[in-house]
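Enquirer: One structure, as structure tokens, below. Some questions next.
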Amino acid sequence: MKYIIFDIDGTLTDTTAIDDHCYTRAIEDCFGFKDFETNYGYYQNTTDSGIIDQLCRERLGRTFTEAERDHFITHFCGLLQQAYQEDPATIREISKAGAVIRQLCRQEQYSIGLATGGWRQSAHFKLQCAGIDVSACTASFAQDALARQDIIYATIRKMNEKHGLDTAPPGIVYVGDGVWDYLTTQQMGIEFIGIANKKLAHLENIIRIDDYDQLYQHIGLYAEKVK
């Protein structure tokens, strides 16, 4: 058994730009914050929950309440829905991402997970719009933890429970597109495969793929390639 865990934005869905735009608007609308850092890699935890937690602590002296979180998620998802209705091209599949998920989920020797810094509701909306079926995947989201590392751990724990294992099998792979993804996997001691982009261009000695067909050779699966 081998665990392969995927990020979502920028990894399965081409949604980073619209996600950042709507997320920024939702912060302004729901919390009334202005003039905050919108390069979200700046924050200690680059997750939807971690960013608003830090902003609330810096500006309000406390974290967000559950009611504030739920209101934020509803508003944020509404902005995403409006943006998609106006221009469906704002939410697209990363080429062959859906096919590679389907292919891997058919393999008995692999268990497929998702670990994203996004909210559960917004993640499922974007995946649905992009036509990617993740119903067979074990997933964790920003509701599960503030830190990306803890979100990945949450997915691993759920995968262990699913397969009746006390500990995870060796050789866990995380597929992501951000520097924070890479740094998190280094801290956790798990393998990282990056989606080739400008954000990862400066990193040396990492595995990058610019086509999902290339994923198979790196995880040791020489099955039928995605068509």
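The values are calculated or read from the model by the stated rules, or taken from the named source; none is laboratory data. Quick caveat, the model's predicted, so the values are computed rather than measured. Quick reminder, even Gly has a Cβ in these numbers, built from the backbone with ideal geometry, and neighbours come from all protein chains shown. Surface areas here come from the heavy atoms of the whole protein model, side chains and all, with no ligands, DNA or RNA. Shrake-Rupley method; radii C 1.70, N 1.55, O 1.52, S 1.80 Å.
Enquirer: Which residues, taken from the stretch 1-11, are in contact with a strand residue (DSSP E or B) (Cβ under 6 Å, 6 or more places away or on another chain) and modelled with pLDDT of 95 or more?
Expert: Matches in the stretch 1-11: Tyr3, Ile4, Ile5, Phe6, Asp7, Thr11.
Enquirer: Which is touching a strand residue (DSSP E or B) at 6+ places or on another chain (Cβ under 6 Å), touching a residue at least 12 places away in the same chain (Cβ under 8 Å), of a type in the set (S, T, N, Q) and more than 25 Å from His75 (Cβ to Cβ), of Thr155, Thr184?
Expert: Sole residue among the options that is touching a strand residue (DSSP E or B) at 6+ places or on another chain (Cβ under 6 Å), touching a residue at least 12 places away in the same chain (Cβ under 8 Å), of a type in the set (S, T, N, Q) and more than 25 Å from His75 (Cβ to Cβ): Thr155.
Enquirer: Condition (residue is closer than 16 Å to Asp19 by Cβ, open to solvent by less than 20 Å² (accessible area, probe 1.4 Å) and within 16 Å of the chain's Cα centre (by Cα)) applied to the stretch 60-72: is it met by at least one residue?
Expert: No: zero hits.
Enquirer: Tally the residues that are part of a helix (DSSP H, G or I), of a type outside the set (A, V, I, L, M, F, W, C) and either in contact with a His (Cβ under 8 Å, 6 or more places away or on another chain) or without any contact (Cβ under 8 Å) to a residue 60 or more places away in the chain (or both), restricting the search to the stretch 45-68.
Expert: 6
Enquirer: Given the conditions (1) small (Gly, Ala, Ser); (2) open to solvent by less than 60 Å² (accessible area, probe 1.4 Å); (3) modelled with pLDDT of 95 or more, report the number of the one that Gly41 does not fulfil.
Expert: Exception for Gly41: condition (3).
Enquirer: Here are some residues: Ser122, Ser111. Which one is of a type in the set (S, T, N, Q), closer than 24 Å to Phe76 by Cα and touching a helix residue (DSSP H, G or I) at 6+ places or on another chain (Cβ under 8 Å)?
Expert: Ser122
Enquirer: Does Ala136 meet the test of being more than 16 Å from Tyr3 (Cβ to Cβ) and either part of a loop (DSSP other than H, G, I, E, B) or open to solvent by 60 Å² or more (accessible area, probe 1.4 Å) (or both)?
Expert: no
Enquirer: For Phe76, indicate whether it is open to solvent by less than 50 Å² (accessible area, probe 1.4 Å) and more than 17 Å from the chain's Cα centre (by Cα).
Expert: no
Residue-by-condition table, conditions (1) assigned to a helix (DSSP H, G or I); (2) farther than 25 Å from Lys162 by Cβ; (3) not aromatic (Phe, Trp, Tyr):
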{"site": "Leu80", "(1), (2), (3)": "yes, yes, yes"}
{"site": "Ile101", "(1), (2), (3)": "yes, no, yes"}
{"site": "Leu104", "(1), (2), (3)": "yes, no, yes"}
{"site": "Leu114", "(1), (2), (3)": "no, no, yes"}
{"site": "His124", "(1), (2), (3)": "yes, no, yes"}
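Enquirer: Counting only residues that are open to solvent by 20 Å² or more (accessible area, probe 1.4 Å), under 21 Å from Ala89 (Cα atoms) and either among the basic types (Lys, Arg) or without any contact (Cβ under 8 Å) to a residue 24 or more places away in the chain (or both), how many does the stretch 113-133 have?
Expert: So the count comes out to 2.
Enquirer: Of all residues in the stretch 150-196, which are in a strand (DSSP E or B) and either open to solvent by 40 Å² or more (accessible area, probe 1.4 Å) or not aliphatic (A, V, I, L, M) (or both)?
Expert: Tyr174, Gly176, Glu191, Phe192, Gly194
Enquirer: Okay, moving on. Only one of Ala130, Ala142, Ala67 is among the hydrophobic types (A, V, I, L, M, F, W, C) and either touching a strand residue (DSSP E or B) at 6+ places or on another chain (Cβ under 9 Å) or over 20 Å from Ala26 (Cα atoms) (or both). Can you tell me which?
Expert: Testing whether each residue is among the hydrophobic types (A, V, I, L, M, F, W, C) and either touching a strand residue (DSSP E or B) at 6+ places or on another chain (Cβ under 9 Å) or over 20 Å from Ala26 (Cα atoms) (or both) leaves just Ala130.
Enquirer: Now a separate question. Within the stretch 85-99, track down each residue that is surrounded by fewer than 18 Cβ atoms within 10 Å (Cβ to Cβ), in contact (Cβ under 8 Å) with a residue 40 or more places away in the chain and in a helix (DSSP H, G or I).
Expert: Across the stretch 85-99, the qualifying residues are Pro88, Ala99.
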